[in-house]
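Here is the structure we will look at.
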Amino acid sequence: MMVDDLLVSFVATPSTAGVFLDFDGVLADITHTSNGAVVRPEVPALLLCLQARLGRVTIISGRPVDYLADMIPVEIDIVGLYGLEWRVGGVNHTLDEAEQWRDVVSDLTDAAIAEFGESVVEHKGLSLTVHYRGDSGRAESMGRWVDAQSARTGLEARSAKQSYELHPQISRDKGTALLELAESLDPVVFMGDDVGDLPAFDGLDVLASRGVSTLRIGVLSEESPPSLLERADHVVDGPEGAETFLRRVCDLVG
Ligand SMILES: [Mg+2]
């Protein structure tokens, strides 16, 4: 679907339209520290504007819900840790089968800090991220360490932007999260900037195969992977471009 067609269908049927958004690099400028991403100042009001008029506005992030909770108005639902936890209707939930991994992740976080130092290790409660930030030598050694820990603990290793993540082996990702929440929505848009967002594009493909109008928006950055941009129906320039898109939708449906 082209972006203008989508905007037309947003205006035609706002109450069944769904907007799903990644956080880092989309609603927040990318930072090169593990815990510095802060929502752009105008975004909360834009999200509320959309939420008031559209069927669903939801953030789907690799970050923990707790990280986002204070920055995102309570009216806006949040899926955190790629679907292991969520805040819906202002109430927090954790996936039961993820909870049993909390101690394993906590122990592994201590081991990662001992190996790589505190500044590059991000403990997310039910998952763990180690950041290599452009240091390709470190990327290799971290990758080996992550693979070894994955084999030892049963946690699943995943590549993310300038980082590796270790997750409970539960088949949840941004795509499954999107599909669970997109029921009866049409059209549906997802906006993301990272490899972790590709499953959300897969989710949109599933919806499209059911006849739902979908739009994959890629957010361009220095680091956005070609695999994401190639699959995007539309590309916007950085979080600023993402904000402009949201404002455009808000103005149209407002
Ligand atoms: Mg992102």
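The values are calculated or read from the model by the stated rules, or taken from the named source; none is laboratory data. Bear in mind the structure is a predicted one, so any value in this text is a computation, not a measurement. Positions of Cβ are generated from backbone atoms using ideal geometry, with glycine treated the same way; all protein chains shown enter the neighbour counts.
Results, tabulated for the structure shown:
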quantity: Any hit, segment 13-21, residues being in the same structural domain as ARG231 (by TED's automatic domain parsing), modelled with pLDDT under 95 and not hydrophobic (A, V, I, L, M, F, W, C); calculated: no
quantity: Test: residue in segment 120-138 that is among the small types (Gly, Ala, Ser), in contact with a Ser or Thr (Cβ under 9 Å, 6 or more places away or on another chain) and closer than 30 Å to GLU222 by Cα; calculated: yes
quantity: Selected residue (only one of SER136, SER119, SER171, SER127 is loosely packed, with under 14 Cβ neighbours inside 10 Å, of a type in the set (S, T, N, Q) and closer than 27 Å to VAL88 by Cα); calculated: SER171
quantity: Subset tally (residues that are closer than 11 Å to SER127 by Cβ and either of a type in the set (Ser, Thr, Tyr) or within 16 Å of the ligand (Cβ to nearest atom) (or both)) for segment 154-163; calculated: 2
quantity: Pairs with Cβ under 8 Å, 6+ apart, first in segment 99-112 and among the hydroxyl-bearing types (Ser, Thr, Tyr), second in a helix (DSSP H, G or I); calculated: none
quantity: Extreme residue, surrounded by the fewest Cβ atoms within 10 Å (Cβ to Cβ), among residues of segment 181-213 that are under 19 Å from TYR82 (Cα atoms), in contact (Cβ under 8 Å) with a residue 40 or more places away in the chain and more than 16 Å from the ligand (Cβ to nearest atom); calculated: LEU181
quantity: Strands (runs of 3 or more DSSP E) completely within segment 181-254 that count 2 or more residues being within 25 Å of ALA157 (Cα to Cα) and touching a His at 6+ places or on another chain (Cβ under 9 Å); calculated: none
quantity: Residue within segment 163-175 that is touching a helix residue (DSSP H, G or I) at 6+ places or on another chain (Cβ under 9 Å), assigned to a helix (DSSP H, G or I) and not basic (Lys, Arg) present; calculated: yes
